[in-house]
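J.: Have a look at this one before I ask anything.
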Amino acid sequence: MSLFEDLNTDPAETEVIRITADERAREAALRERFASFWKSASGEPRVIYDAFIAATPLATEVTLDAVEEDGVRGWWVRPTHAHPAQAILYIHGGGYGLGSARAYRGFVSQVVSRTQVPALAIDYPLAPEASLPAAPLAALTAWRWLVNQRCNQIAVVGDSAGGGLTLVTLAELGRRTVGPAPIAGVVFSPWADLAFTGASMTDSAVTDPLITHDYLQDCARKYLGNVGPTDPLASPLFGDFRGLPPLLIQVGTDERLLDDARQFAKRAAQAGVRVRCEVWEGMHHVFQLDVAHLESSRAALDRTARFLRGAFNA
C-alpha cells in the first residue's frame, strides 16, 4: 500500500505536501551532513544530541532569559513586542532521555519570531534517571507556573517525544481544571505510541535517516519504568481525546513515527477534535529544525505560526 493511499478516507483534515526536485536534492545533501555528524561524533550522548539540536540558528529580535523557580527550569524565549497574557509552553524531544531547553532555544526562537508569542521551553526529568510519571508532572508544573504568571492564553507545542508529552499534557489538562483551557496544540513528529503498533515502525519502505526502531524501543524501556506501554501517560494514542483543543500535527513520510502521527490524528478526529495533519513528502524526523537548509522547514514553521496566531486571535 502507498503511504498516501488511504489518506482520502482519513477523518482528520489531512494534507500531503509534495516537494520539488530541488528540495529533494537539498534533503539528500542534508542527510549526508547528518551521516557525517553522527559518524564523527564522540563523547557523552546528551552533549552530542544538544550540539546537533543547537545548530538551529537563533532568530533575530528575541530575548533569552533563564527560569529556575517554583520547580520549573527552562528558558523564556520572548519577541520584542508580545501580549503579556499569551504564552507557548514548549516541550522538547530526545526520546525522553536526551535534550535540554538550552539546546532548543534556537528552534523555539524560530516559532516565537513567527508568532510574536513568547515561549517557555522547559526541562523535565530525563530517563533512565527518572521514569514515568516524572515528565508529565513537570509539564503540569510548568503549566501552573505560566498560569501564575497571569498567562490566560496558552498553547502547548512539542517535537518527537516532547510531542508525545505535549499530547499527554493536553489530555491531562482536559481532565482537570488548572487555570484556563489550552487554546491549541502543535506537535512535530509526535511519539504517541510506546506500544509500537504503527506499521511505519518496521516498514522497510520507510527510510528514516535519524532514528531506528531499536533505538525507540530502548528509549521506551528506560522511560516507562513500571508503567505499561499503553497507559495514556506513556502513549496518548490510547488516551481520552475529549477536551483536546484544536491540533496541528506535522510529520514527514521518511520517519518511523509517521503512523504515530497519522493514527493519533485519525482517532482525535473521530472523537470530535479539530485536527489538521500535514504529511510532508520526503521529509525526515522533525525536519522543521533545519530552517537554514530546507525551504520545507521554513514553510512548515510558517504554517505553524498561522495556525497558532489564528488560535490566539480567535
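The values are calculated or read from the model by the stated rules, or taken from the named source; none is laboratory data. Keep in mind that this is a model prediction, so the values were computed, not measured. FYI the Cβ positions are ideal-geometry reconstructions off the backbone, even for glycines, and counts take in every protein chain you see. Side chains included, ligands, DNA and RNA excluded: accessible areas come from the protein's heavy atoms. Shrake-Rupley method; radii C 1.70, N 1.55, O 1.52, S 1.80 Å.
J.: Rounded to the nearest 5, what % of DSSP beta bridges with both residues in the chain are antiparallel?
T.: Details: 12 of 42 bridges.
Looking only at bridges with both residues in the chain, the antiparallel portion is about 30 percent.
J.: OK, next. Using θ = phi - 60° and the Karplus curve 6.51 cos²θ - 1.76 cosθ + 1.60, what whole-Hz ³J(HN,Hα) does each residue of the stretch 89-104 get, with Gly and Pro shown as x?
T.: Working through the residues one at a time gives 9, 9, 10, 7, x, x, x, 6, x, 10, x, 8, 4, 4, 5, 8 Hz.
J.: Write down, largest first, the equivalent ellipsoid semi-axes of the stretch 209-314 in whole Å, where each equals the square root of 5 times an eigenvalue of the alpha-carbon gyration tensor.
T.: Working: eigenvalues 120, 91, 26 Å².
Semi-axes, largest first: 24, 21, 11 Å.
J.: A follow-up question, please. Provide the packing ranking of 137-150, 82-95, 35-48, i.e. peptides ordered by the mean count of other C-beta atoms within 10 Å per residue, highest first. Display every interim value, and only then the final one.
T.: Details: 137-150: 18.0, 82-95: 22.1, 35-48: 10.9.
The peptides rank, most packed first, as 82-95, 137-150, 35-48.
J.: May I ask you to give the percent of accessible area on the chain that is carbon plus sulfur, with a probe radius of 1.4 Å? Mind showing how you got there, number by number?
T.: Working: 6480 of 13090 Å².
Of all accessible area on the chain, carbon and sulfur atoms account for 50 percent.
J.: Which value, to two decimals, describes the C-alpha radius of gyration of the stretch 1-160 once divided by 2.2 N^0.38 Å?
T.: Working: Rg = 18.2 Å, N = 160, 2.2 N^0.38 = 15.1 Å.
The reported ratio for this selection is 1.20.
J.: Please compute the per residue accessible area over the stretch 36-111 with all protein chains in place, 1.4 Å probe, rounded to a whole number of Å². If you can, show how the numbers build up before the last one.
T.: On the way: 3680 Å² over 76 residues.
With the other protein chains kept in place, the stretch 36-111 gives 48 Å² per residue.
J.: Ok, one more. So if I take the centroid of the Cα atoms in the stretch 186-203 and the same for the stretch 79-137, what is the distance between those two points in Å?
T.: With the stretch 186-203 and the stretch 79-137 each reduced to a Cα centre, they are spaced 21 Å.
J.: How large is ³J(HN,Hα), in whole Hz, for each residue of the stretch 294-305 in order, when computed from phi with the Karplus curve 6.51 cos²θ - 1.76 cosθ + 1.60 and θ = phi - 60°, using x for Gly and Pro?
T.: With coefficients 6.51, -1.76 and 1.60, one gets 10, 5, 4, 4, 5, 5, 5, 5, 5, 5, 4, 5 Hz.
J.: Nothing charged except the Cβ atoms of Lys and Arg (+1) and of Asp and Glu (-1): what's the magnitude of the dipole of the chain about its Cα centre? Round to the nearest 20 debye.
T.: Details: 29 positive and 36 negative charges, 168 e Å.
It works out to roughly 800 debye.
J.: While we're here: Over the stretch 122-235, average the accessible area per residue using a 1.4 Å probe and give it in Å², no decimals.
T.: Details: 4250 Å² over 114 residues.
On a per-residue basis, the stretch 122-235 sits at 37 Å².
J.: Among A268, V227, A299, pick out the residue whose Cα is farthest towards the positive end of the charge dipole of the stretch 180-314, where Lys and Arg carry +1 and Asp and Glu carry -1 on C-beta, about the Cα centre.
T.: It is A268.
J.: Here is a follow-up. Amide H to amide H, which residues 5 or more places from C277 or on other chains are under 5 Å from it, using H placed in the peptide plane?
T.: Residues meeting the criterion, in which the H sits 1.01 Å from N, are E13, T14, E15, I249.
J.: I need the phi-derived Karplus couplings for the stretch 19-35: 6.51 cos²θ - 1.76 cosθ + 1.60, θ = phi - 60°, integer Hz, Gly and Pro marked x.
T.: 10, 7, 4, 5, 5, 4, 5, 5, 5, 5, 5, 5, 5, 5, 5, 4, 4
J.: Turning to a different aspect of this structure: If I take the Cα coordinates of the chain and project them onto the principal axes, what are the three extents in Å, biggest first?
T.: Principal extents (largest minus smallest coordinate, Cα): 48, 40, 40 Å.
J.: Hey, could you get me the Stokes-Einstein D for the stretch 240-295, Kirkwood radius over alpha-carbon pairs, 25 °C and 0.890 mPa s, rounded to whole µm² s⁻¹? Spell out each step's value before the answer.
T.: Working: Rh = 12.1 Å.
Once the numbers are plugged in, D ends up at 203 µm²/s.
J.: Given Cα pairs under 8 Å that are at least 6 residues apart, what percent is the relative contact order of the chain? Show your work: numbers first, answer last.
T.: Numbers: 660 pairs, mean separation 65.8, N = 314.
That works out to 21 percent.
J.: When the helices in the chain are scored as -39500 (n - 2.57) per DSSP H run of 4 or longer and the sum is shared across all residues, what 222 nm value do you end up with, to the nearest 500 deg cm²/dmol?
T.: Details: 8 runs with 114 residues, N = 314.
Helix contribution divided over all residues of the chain: -12000 deg cm²/dmol.
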